[in-house]
Structure formats: C-alpha cells, structure tokens
Amino acid sequence: GMTLRGTGDLAVIIERASGSVLIVDTTKRISLARVEGLGDLSHASVVFSRDERFAYVFGRDGGLSKVDILQQKLVKRIVQSGNSIGGAISQDGRLVAVSNYEPGGVRVFDANTLELVADIPARDADGHLSKVVGLVDAPGQRFVFSLYDAGEIWIADFSKGMQPVIKKFHKVGKQPYDGLITSDGRYYIAGLFGEDGLALLDLWRPQAGVKRIL
C-alpha cells in the first residue's frame, strides 16, 4: 500500500529530455517515482495546488499536466495551445492560467477538472495577437501578464466570477518578457528585452500606471 506521508518535503524534478517528472523526498534525499508521458518539457515550469498534493506542469508544446505527487501518477493532460511558456495558479487554488505564444493569449482552466473556463486573446489595439510572457498570480484572484509584441501589461481580475475584468497598460516598454511579483504581492516587474530597464506596476495603486525603473 501507499506510505502515509505529508507533502511538505516532497519535490518534483523536471526531466526535460525524456518528458517525465521525478518525485523526490527532500528529507530522505531519495527518488520515489517517475511520472512519464508529459510531452515536450524543454522549457517547463511547475506550480502547486494549495494543499500541495498536485503539481501542474506547463510544457513547451502547450501541454498542461496535472500530477498527483502522493499517488505518483498523471491525473490528466491536455494540449491547450500550440506553444506555451509557463503558468500560475490563482490565490484560492481554483484556477490555473497558462500563457501562450501560439496563439498569443492566456487560457484559464478549472484546477480540479482542467476544463477551460476563460480564453483571453492578447490582441493589441491594431488587432494583432501578441506572445504572452511573465504570467503571475496576484492577490485578489488576479493574474498579471505581459504582451511581448505589443509592449503591454494586463491584469485579469477573476474576483467577480469567470468573466474576468481586464485592465490594460499600454506602451510599458519594448518587448517585456520575464515577469515577477514581489512576495508581498504588491509589485509586478517585467524585464524589457528590447531596451535597458524594467517596467514596474504597483498593484496597490494601478491607477499610477507603469513606471520605468533601473
């Protein structure tokens, strides 16, 4: 039978070349299981459910995989786009968002079933789709992300339900790419690929707009 264990000392290791995930016990420093069949993990990232039981793995091929790290198995895998890069899980743990290159946008899924709940195409003012990067979860059931081609930062607010309220910040700088959020959930910072400097958004005072720093 299964050994009784908490998840606090478990970790997953992405095995990029083989499309698999290794579940390890970091206290005993042993490998417990390998979960296979997760597709192209050449640029994969992971977020965890609030209860730390499930790992959501975002693959480069648009694959979103839900791994049960206690039962050591792949619960479900969907291919939700042509090319994706990273994702986040909402504050309440009920929504998983994926940022996509192809087609550009964010897709949001029910964390339990992986059913699609919202599709947010990243269209700029001229109607062109942009690659989406730097997706993070923010307090208040929000996701924040950057539009690489459009030079914009968007906030998608799911606090009122499954139809998000979207706030857009234009002309934040050239080609924002990697994004991060400070541990207090206040500042979102996007690195700019196309120029020197970073774009900073104060989520406590979004009306102040995006500032250029460093």
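The values are calculated or read from the model by the stated rules, or taken from the named source; none is laboratory data. Keep in mind that this is a model prediction, so the values were computed, not measured. Counting neighbours? That spans all protein chains shown, and the Cβs are built from the backbone with ideal geometry, glycine included. Side chains are part of the model used for accessible areas, which takes the heavy atoms of the whole protein and leaves out ligands, DNA and RNA. Shrake-Rupley method; radii C 1.70, N 1.55, O 1.52, S 1.80 Å.
Measuring between their Cα centroids, the range 141-194 and the range 64-123 lie 17 Å from each other.
Selection among L10, V133, L114 by position relative to the dipole of the range 1-144 gives L10 as farthest towards the positive end (Cβ unit charges, Cα centre). Could you name the lysines in cross-link range of K171, using Cα to Cα under 27 Å and dropping any fewer than eight places away on the same chain? Straight-line reach from K171, under 27 Å: K131, K211.
Once C-alpha pairs closer than 8 Å and six or more residues apart are averaged by separation and normalised to the residue number of the range 139-214, the relative contact order reads 22 percent. Computed on the chain, with alpha-carbon pairs under 8 angstrom and 6+ residues apart, the relative contact order is 9 percent.
Extension gain for the segment V165 to D110, taken as residue separation times 0.36 nm less the Cα-Cα distance, is 18.0 nm to one decimal.
Heavy atoms of the protein chains alone define the surface here; on that basis the chain has 50 Å² accessible area per residue at 1.4 Å probe size.
Can you spot the aspartates and glutamates whose alpha carbon is less than 12 Å from K168's alpha carbon? Ignore those fewer than 8 places along the same chain. Candidates past the 8-residue exclusion: D124, E152, D157.
Taking the Cα centre of the chain as the origin, how large is its charge dipole in debye, to the nearest 20, when only Lys and Arg (+1) and Asp and Glu (-1) carry charge on their Cβ atoms? Before the final figure, lay out the partial values.
Numbers: 26 positive and 25 negative charges, 58 e Å.
With Lys and Arg at +1 and Asp and Glu at -1, about 280 debye.
Roughly speaking, to the nearest percent, how much of the chain's 1.4 Å accessible area is carbon and sulfur? Numbers along the way, then the final one.
Values: 5240 of 10620 Å².
Carbon and sulfur: 49 percent of the exposed surface of the chain.
By the equivalent-ellipsoid construction on the alpha carbon gyration tensor, the chain comes out with semi-axes of 31, 18, 17 Å, ordered largest to smallest. What FRET efficiency do you get for Q71 and T26 if R0 is 25 Å and r is their Cβ-Cβ distance, rounded to the nearest 0.05? For R0 = 25 Å, the calculated efficiency reads 0.85.
In the range 138-214, the inverse of the mean reciprocal separation of distinct Cα atoms equals 12.4 Å; this is its Kirkwood hydrodynamic radius.
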